[in-house]
Amino acid sequence: MHKKKIVIIGGGPAGMMAAICSAALDQEVILIEKNERLGKKLLISGHGRCNVTNSEEGPAFLKHYFKKGNFLRDAFKRFSNKDLIDYLHSHGVGLKTEDNGRVLPVSNKASSIVEALQADLKKNKATVLLNAAVKRVRVRNGRVYDVELDKGQYVTADAVIVATGGMTYPRTGSDGKFFKTLKNVGHTVVPLRPALVPLEIEAWPGMVLSGVSLADCIVSTTDSDGSKHTSRGAIIFTHWGMSGPAILSISRFVAETVQGKGSASISLDLIPGETEEAVRAWLLAQKDEHPQSLVKNILSRKVPKSVGEFMLTALSIEHEKKCSEISKKDINKLGQALKRNEWRVKRCRPNNEAMVTQGGVSLKEIDPKTMGSRLIKGLFFAGEMIDIDGDSGGYNIQLAFSTGYLAGGSAIHVEARHEK
Ligand SMILES: Cc1cc2nc3c(=O)[nH]c(=O)nc-3n(C[C@H](O)[C@H](O)[C@H](O)COP(=O)(O)OP(=O)(O)OC[C@H]3O[C@@H](n4cnc5c(N)ncnc54)[C@H](O)[C@@H]3O)c2cc1C
């Protein structure tokens, strides 16, 4: 078979995997990256440790992409989390599984993964162009023709795979600018919003709590359609609001509401294992069991001392109040504060603090069996730039690898351009 020329734009996990896959199938592959090196975002992922995937099995995995998981069925069939783990093992990257199924390199270094991918690109003879930004993709007669680089050169292609990432952490190179180019060739881009992002709280009075964390909370919010969403895990208070896994996970729903100019609020359940009634009964029992103890000391059995004191202040309950002096009204207020602690969200933190982007190239215009454009022949998409975002826990990097693998494998089947 005549070799096809496949150009891949973007050297993140999606682009690198697409390039490896096409090159391993003996095609002429050019991977174009605007940075001076590959995988800049991958290198900072998971605090530099790279939570590369999750060990969750079967259909449950797809639920971590919210309502859009079904779109990924074919991509995951071709390259699942297990395939990624096997691939990395066979390329010298030892992996371990931590809490909540998070899979990370044994070295605790994202660089182990980037190095393995670079070595595989080299082994498969993919050409890598660094410091080269693609300005646009050119289309003729309904099919891709070439790409134009910022320095004015043109690179012809039988197929182009766009893996330019989302718009968050723009200093890593994925700044969202390429979406405009895709709109210019007729693709629809679903509005971009941050996800996995900390939340600023309206008139936040909790600066004193900055740095304090709670290991296990349930955070809930109701979106503009009236659907309720919850997430569970740790939260961390900051000087402007809240962060931590449970806040990051719920943030995509909050972002949708606040960017739609609605007003979003979140509710914190600080003692997930107990009902509000049980918490109130426990507080009531303290009156008899520990009448001389201060309420603030009793509260510290359930939440960090600083959080308990913050609540007493917010509820105008004296800090020196003894359990024997606590009223039924105070008990009800404390029960509510511990189980239904409501906060209005001012806004999401800026894009340079968001881990992923929601929105992107409309799934209606992508064939999930190939990752090919339904509008333009020879054009493919992979990674965070499609309109799917995943939960925290390794799901976004897995999405990038799986869609990259599928796009790389599909692109080799395009009809070759005749003019060479
Ligand atoms: C701080 C942080 C921590 C994260 N931690 C995790 C984690 O532990 N686990 C997880 O699953 N996810 C994590 N993510 C998300 C994950 O890193 C991304 O979802 C993933 O990197 C997306 O891969 P991608 O290949 O689609 O895009 P990217 O990794 O963003 O790569 C896109 C590449 O395209 C290049 N590019 C863009 N435009 C052009 C152009 N015009 N020409 C040439 N090149 C271009 C960019 O420079 C970039 O290198 C984290 C994200 C951040 C910001």
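The values are calculated or read from the model by the stated rules, or taken from the named source; none is laboratory data. From a predicted model like this one, the values you see are computed outputs, not experimental measurements. Cβ placement follows ideal geometry from the backbone for every residue including glycine, while neighbour counts extend to all protein chains displayed.
What the table shows:
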read-out: Residue 280 being of a type outside the set (Gly, Ala, Ser) and assigned to a loop (DSSP other than H, G, I, E, B); value: no
read-out: Members of segment 314-340 that are among the β-branched types (Val, Ile, Thr) and exposed (fewer than 13 other Cβ atoms within 10 Å of the Cβ); value: none
read-out: Among the residues listed as 147, 155, the single one being surrounded by 19 or more Cβ atoms within 10 Å (Cβ to Cβ), of a type in the set (A, V, I, L, M) and not in a loop (DSSP other than H, G, I, E, B); value: 147
read-out: Test set (1) near the ligand (Cβ under 9 Å from one of its atoms); (2) out of contact with any Phe, Trp or Tyr (no Cβ under 7 Å at 6 or more places or on another chain) - residue 191 fails condition number; value: (1)
read-out: Residue among 173, 165, 186 that is in contact with an Asp or Glu (Cβ under 7 Å, 6 or more places away or on another chain) and either in the same structural domain as residue 238 (by TED's automatic domain parsing) or modelled with pLDDT of 95 or more (or both); value: 165
read-out: Failed condition for residue 392, given (1) assigned by TED's automatic domain parsing to the domain that holds residue 270; (2) in contact with a Leu (Cβ under 8 Å, 6 or more places away or on another chain); (3) in contact (Cβ under 8 Å) with a residue 24 or more places away in the chain; value: (1)
read-out: Number of positions in segment 344-388 that are of a type in the set (Ser, Thr, Tyr) and within 15 Å of the ligand (Cβ to nearest atom); value: 1
read-out: Some residue of segment 151-160 being within 16 Å of the ligand (Cβ to nearest atom), in the same structural domain as residue 25 (by TED's automatic domain parsing) and basic (Lys, Arg); value: yes
read-out: Number of the condition not met by residue 356 [criteria: (1) aliphatic (A, V, I, L, M); (2) in the same structural domain as residue 173 (by TED's automatic domain parsing); (3) over 21 Å from residue 250 (Cα atoms)]; value: (3)
read-out: Residue that is nearest to residue 99 (Cα to Cα) [pool: residues in segment 390-418 that are within 12 Å of the ligand (Cβ to nearest atom) and touching a His at 6+ places or on another chain (Cβ under 8 Å)]; value: 393
read-out: Tally, over segment 237-292, of residues that are free of Cβ contacts under 8 Å to residues at least 24 places away in the same chain and of a type in the set (Phe, Trp, Tyr); value: 1
read-out: Verdict on residue 338 being in contact (Cβ under 8 Å) with a residue 60 or more places away in the chain, hydrophobic (A, V, I, L, M, F, W, C) and farther than 30 Å from residue 402 by Cβ; value: yes
read-out: Within segment 222-238, tally of residues that are at pLDDT 90 or above and either charged (D, E, K, R) or in the same structural domain as residue 65 (by TED's automatic domain parsing) (or both); value: 2
read-out: Given (1) of a type outside the set (S, T, N, Q); (2) buried (at least 24 other Cβ atoms within 10 Å of the Cβ); (3) at negative phi, number of the condition residue 25 does not satisfy; value: (2)
